[in-house]
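Asks: Questions regarding the structure given below will be posed in turn.
No value in this document is a laboratory result; all are computed from the given coordinates. Source: prediction; values computed, not measured. As a convention, Cβ positions derive from the backbone with ideal geometry for all residues, glycine included, and neighbour counts pool all protein chains shown.
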Amino acid sequence: MKRIGILTAGGDTPALNATIHGAVVRANELKVEVYGLIKGFNSLFNPRVPHVHLNPLFQPIPELDPTIGGTIIGASRTYLSPENHDATKTFVERLHRLKIEGLICVGGDGTLNGMQPLTELLPVVLAPKTIDNDLGLNYRSEPDEWQRKSSDKAPGHAYQRLSSQTVFDLERMINFVTPGFATAVYVSVAGVQRVRTTAESHRRIAIIEVMGRRSGYIALGSAYGRPDIILVPEFALEIERLVERIKELYDLQKNVLIVCGEGIVDQQGNELGVEKVSQDPAGNKMLSGTAEALRQILIKRIGDKYFKDLRRGESAAEVIFTRTIGHTLRGGRPLLFDRFYAAQLGGKAVDLLLERKNNVVATLQWNRQRGFHLDGFDGNSLRDRWGHIHARQLHPSFYDAHAMKPSRAGIEYLMQILPGAIGHDDVESIRNNFFAAGNLLEPYHSFNTDVSKRIRYLE
């Protein structure tokens, strides 16, 4: 291959530019040109196919800085429908007119689904990214543990997980961790620590909601901020046990800090948050209001009298408050761990393409002997028998439901990723740049301003 394309799709993460940079650096070594497609799959819907040559003269363009969050080539949640065969052929024809011989898609499960039609006509590989850390498998046979049953609700069926018959082993996880996760955990931990002092000072009960959809990895990682209680979507809410534990802690320390994943469910399996359906082919749903829904439950269950008797407030509503650490988890400078391994996965995706691999995911593996290392995994092996890709959830062994904290296995998992995630340059960046005088004297300069000058179009 002499020329390949790369696009970023779905939601943004802090490590996308690092992934693109890693792909470009590896392509430069192999003397392969890289064209960045603007705004993900959306570019291919445009007959002019806006694109940027990312490595003229086999050098990365200066705007491509792996320490900057987001993506210089833009992202969107626009995807190609598998049933739209005419559009698929048109897309491939447009890529061929650009002399693009293979395509790297940087994304999560929605992107993996979205690229499937193209894999029938063109080599396409995935470089993984998601702050939710939900792209991958706890073990190779996990997709076989799902059943599909008829449902009155759209799309006419629902999935149910069978109990696992597999002995879990950290070393057998497929795609141990995704770029963006470590930085998201860092932001959530900082948020937990800052809210804690407010809760302590004012004798409050704080509920902090973190992202993650139906996977509790970010909530689990927030344990580094030492919250009192962590609630994850994989375990149904036991409200009586929760209220009992809150009272125990509040009597002892006069404050309680609870972290909840946005997808937590009640005993009937109903999500507490309000759902808004997104437009990606994985059927992902954006959840909002989970912390507030939990707050209303606790206000009702604990009641005003409890706080009045303790002389801590006039009502439960006064004492219990919420904070949501939302899209701040997605943005900003990526930590060293995310920058390094995102770049490695970008480079691995280039190698997979040049090996003529197709519908393969570049993965970051881990074992005790080798530590972290790169591999590739067949994209179809992530699918269940109906072709659906399920978001990876916390393995039950990662969470102690009684203590409402990470288990020993969960702690072991987190400790492979986060203790060395912050680099010296991350600290120096804060020291040198955060309060730099130029921030006061000069307006913000977006990389979009410079990249737009480089955009070219299919004639």
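Asks: Taking the DSSP beta bridges in region 181-329 as the whole, what percent of them are antiparallel, to the nearest 5? Write down the numbers at each step before the final one.
Replies: Details: 5 of 20 bridges.
Expressed as a percentage, antiparallel bridges in region 181-329 total about 25.
Asks: Across the Cα atoms of region 185-271, what radius of gyration and what greatest pairwise Cα-Cα distance (Dmax) are found, in Å?
Replies: Final numbers for Rg and Dmax: 12.6, 36 Å.
Asks: Hey, which of these cross-link pairs are over 29 Å Cα-Cα: K129/K453; K149/K405; K39/K405; K129/K254; K129/K357?
Replies: Values: K129/K453 27 Å; K149/K405 33 Å; K39/K405 39 Å; K129/K254 40 Å; K129/K357 19 Å.
From K129/K453; K149/K405; K39/K405; K129/K254; K129/K357, over 29 Å: K149/K405; K39/K405; K129/K254.
Asks: With n ≥ 4 as the cut-off for DSSP H runs, can you work out [θ] at 222 nm for the chain, using -39500 (n - 2.57) per run divided by the number of residues, rounded to the nearest 500? Don't skip to the end; give the middle numbers.
Replies: Working: 16 runs with 154 residues, N = 459.
For the chain, the value works out to -9500 deg cm²/dmol.
Asks: Order of Y306, Y413 from fewest to most other C-beta atoms within 10 Å? Walk me through the numbers on the way to the answer.
Replies: Working: Y306 18, Y413 24.
Ordered by Cβ neighbours within 10 Å, fewest first: Y306, Y413.
Asks: Can you pull out the GluC sites (Glu not before Pro) in region 47-136 that DSSP calls coil and that have at most 12 other Cβ atoms within 10 Å?
Replies: Those satisfying the criteria are E83.
Asks: I'd like the FRET efficiency for I411 and K247, computed as 1/(1 + (r/R0)^6) with the beta carbon distance as r and R0 of 22 Å, rounded to 0.05.
Replies: On the way: r = 26 Å, r/R0 = 1.20.
The pair I411/K247 has a calculated efficiency of 0.25.
Asks: Mind checking which lysines have their Cα closer than 24 Å to the Cα of K153? Skip sequence neighbours fewer than 8 apart in that chain.
Replies: K276, K285
Asks: If you add up the charges near F434, with Lys and Arg at +1 and Asp and Glu at -1, over every other residue whose beta carbon is less than 14 angstrom from its beta carbon, what do you get? Mind dumping the intermediate values first?
Replies: Values: positive: R333, R431; negative: D425, D426, E428.
In short, -1.
Asks: Something else: Separation of region 5-29 and region 221-254 by C-alpha centroid, Å?
Replies: Cα centroid to Cα centroid, the span is 39 Å.
Asks: Further question: Tell me, what are the semi-axes, in whole angstrom and largest first, of the equivalent ellipsoid of region 181-329 as set by the roots of 5 times the Cα gyration tensor eigenvalues? If you can, show how the numbers build up before the last one.
Replies: Numbers: eigenvalues 136, 61, 30 Å².
Output for region 181-329: semi-axes of 26, 17, 12 Å.
Asks: Quick check on the chain: of the DSSP beta bridges with both residues there, what percent are antiparallel, nearest 5%? If you can, show how the numbers build up before the last one.
Replies: Working: 26 of 57 bridges.
Counting DSSP beta bridges with both partners in the chain, the antiparallel share is about 45 percent.
Asks: Just the Cα atoms of the chain, one point each, no solvent: what log10 I(q)/I(0) does Debye give at q = 0.10, 0.11 Å⁻¹?
Replies: The Cα Debye sum returns log10 ratios of -0.75, -0.90.
Asks: Oh, and also: Suppose we keep just the alpha-carbon trace of region 292-348; what are its Rg and Dmax in angstrom?
Replies: Radius of gyration, then largest Cα-Cα span, for region 292-348: 21.0, 62 Å.
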